[in-house]
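Novice: I'd like to ask you about the structure that follows.
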Amino acid sequence: MATYPNGLRGRLVRPHEEPPPGRHLLGRIAFLDHHRPPAVRDGVADMGVHLARDERALVTEVWETDAPPTSGMYQDLVYAHDGEYLFCAGQIPEGGSYREPVREAYDAAFDLISELGYPHVIRIWHFINDINRANADGMEIYRDFCLGRAEAVDRRLGPAGEMPAATGIGSLGGGISWYLLASRSGRIRHLENPLQVPAPSYPHRYGPRPPKFARATSLSPPGLDGAGDVFVAGTASILGHETIHEGDVAKQCDVTLANMAKVLSRENLLAHGIDDGRTLKDLRLVKVYLRREEDLEAVRSACAEAFSDTAEIVYFTVDICRSDLLVEIEGIAPRAPA
Ligand SMILES: C=C(O[C@@H]1C=C(C(=O)O)C=C[C@H]1O)C(=O)O
């Protein structure tokens, strides 16, 4: 039995793979060639995200913990919690405008988090169909989404409210699918990247309200001064607030990897008061998103060189939040086992 419940771990598995003995499934996200609404399935909080173009790309992300979870539905959200961690997932149906439904979905999640008592949000993922297309009012869907999210966050946390590492990426259908992880007692610290303007401070040219997320979030057990598990947000070829190397996927990849390395670096962790440091070789559960299928080999070879041989890496061909971005990467650098 683990003494501190830092037994949260994400893994990529084949569909229907069971957790190892003594471990329990807190949540399951299946990346499919269609979407599947959030529900409790076979006792597990489950959702399917339309991210795979064909059967070869099917993969399932599971979140396992040490304690048996309780699962259920709250409004349209499916959730499960084990006393230390909460997993929650929802889908917003396709529609002409997302501002209001995103606000409502975030409201429901904030309510659930406070009712169940998991105040520290660790990580959020959003998969947004037609992310670069215009909504019914002519606003880009990503901007429309950011507007609803910013309003919900302002209302709950105030304008300076801090949000965790996130991903806001395209999908192939199903409106907006999203999920989050939160903790009860773990220590959460949100990290920025000195090479990038914090996303909540992006200028107005990127939309009426900025994206609210941190570049990374660290989760440590109480009493541990080090970084714990570091969840790195979806990262792209952005320096300052500007996209760099438009049209050149190899160079975009380099800048993306350099951004991730910078966030994880000892220098950056120390600047955030954390006596620790990580490198790209520590990253696990790496998800790579590329806009154009034809860039796969170039991106794959850059990633093979940058990441550890033992890292799980998956590739999805989807649109990215800015139409000039060709690649985006995220990952998790877990703390060394005690
Ligand atoms: C790539 C960027 O943003 C993307 C959008 C996010 C969001 O809106 O939640 C989070 C990370 C990335 O997936 C960026 O702005 O650097």
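Novice: On the basis of being away from the ligand (no atom under 15 Å from the Cβ) and farther than 27 Å from residue 150 by Cα, does residue 248 make the cut?
Specialist: The answer is yes for residue 248.
Novice: Still on this structure: Looking at the range 266-307 only, could you name the residues that are outside any helix (DSSP H, G or I), of a type in the set (Gly, Ala, Ser) and closer than 24 Å to residue 11 by Cα?
Specialist: If the condition is that a residue be outside any helix (DSSP H, G or I), of a type in the set (Gly, Ala, Ser) and closer than 24 Å to residue 11 by Cα, then 277 is the only one that fits.
Novice: Now for a separate question. From the set of residues in the range 89-100 that are touching a residue at least 60 places away in the same chain (Cβ under 8 Å) and either of a type in the set (Phe, Trp, Tyr) or away from the ligand (no atom under 16 Å from the Cβ) (or both), which is least open to solvent (accessible area, probe 1.4 Å)?
Specialist: 98
Novice: Please verify whether the range 64-81 includes one or more residues that are more than 24 Å from residue 114 (Cβ to Cβ), hydrophobic (A, V, I, L, M, F, W, C) and in contact (Cβ under 8 Å) with a residue 24 or more places away in the chain.
Specialist: No, because not a single residue in the range 64-81 is more than 24 Å from residue 114 (Cβ to Cβ), hydrophobic (A, V, I, L, M, F, W, C) and in contact (Cβ under 8 Å) with a residue 24 or more places away in the chain.
Novice: Of 157, 191, 147, 180, which residue is touching a Cys at 6+ places or on another chain (Cβ under 6 Å) and within 16 Å of the ligand (Cβ to nearest atom)?
Specialist: 180 is the lone residue from the list that is touching a Cys at 6+ places or on another chain (Cβ under 6 Å) and within 16 Å of the ligand (Cβ to nearest atom).
Novice: Can you work out which of the residues in the range 160-176 that are more than 13 Å from the ligand (Cβ to nearest atom) and under 26 Å from residue 327 (Cβ atoms) is surrounded by the most Cβ atoms within 10 Å (Cβ to Cβ)?
Specialist: Top of the filtered list is 174.
Novice: Identify all residues within the range 111-131 that are closer than 26 Å to residue 36 by Cβ, buried (at least 17 other Cβ atoms within 10 Å of the Cβ) and not β-branched (Val, Ile, Thr); write none if there are none.
Specialist: The answer is 112, 116, 118, 123, 125, 126, 127, 129, 130.
Novice: What pairs come out if I take residues in the range 159-173 that are under 17 Å from residue 233 (Cα atoms) and without any contact (Cβ under 8 Å) to a residue 60 or more places away in the chain and pair them with residues that are more than 6 Å from the ligand (Cβ to nearest atom) and of a type outside the set (A, V, I, L, M) whose C-beta lies under 7 Å away, six or more apart or interchain?
Specialist: Close Cβ pairs (under 7 Å, with a partner that is more than 6 Å from the ligand (Cβ to nearest atom) and of a type outside the set (A, V, I, L, M)) amount to 162/190; 163/212.
Novice: Residues 218, 185, 201, 265: which one is more than 18 Å from the chain's Cα centre (by Cα) and under 20 Å from residue 311 (Cβ atoms)?
Specialist: Only one candidate passes the filter, namely 265.
Novice: For the range 132-145, which positions are of a type in the set (A, V, I, L, M, F, W, C) and surrounded by fewer than 21 Cβ atoms within 10 Å (Cβ to Cβ)?
Specialist: Those that are of a type in the set (A, V, I, L, M, F, W, C) and surrounded by fewer than 21 Cβ atoms within 10 Å (Cβ to Cβ): 134, 136, 139.
Novice: Could you list, in sequence order, all residues of the range 285-338 that are more than 16 Å from the ligand (Cβ to nearest atom), of a type in the set (A, V, I, L, M, F, W, C), surrounded by fewer than 22 Cβ atoms within 10 Å (Cβ to Cβ) and within 20 Å of residue 218 (Cα to Cα)?
Specialist: Hits for the range 285-338 are 311, 336, 338.
For (1) touching a Gly at 6+ places or on another chain (Cβ under 8 Å); (2) at pLDDT below 95, each residue gets a yes or a no:
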position	(1), (2)
140	yes, no
146	yes, no
153	yes, no
159	no, yes
165	no, no
171	no, no
176	no, no
179	yes, no
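The values are calculated or read from the model by the stated rules, or taken from the named source; none is laboratory data. The structure displayed is predicted, hence computed values, not measured ones. In this analysis, Cβ positions are derived from the backbone assuming ideal geometry, glycine residues included, and neighbour counts consider all displayed protein chains. Quick note on the areas: whole protein, heavy atoms, side chains included, nothing else; ligands and nucleic acids left out. Shrake-Rupley method; radii C 1.70, N 1.55, O 1.52, S 1.80 Å.
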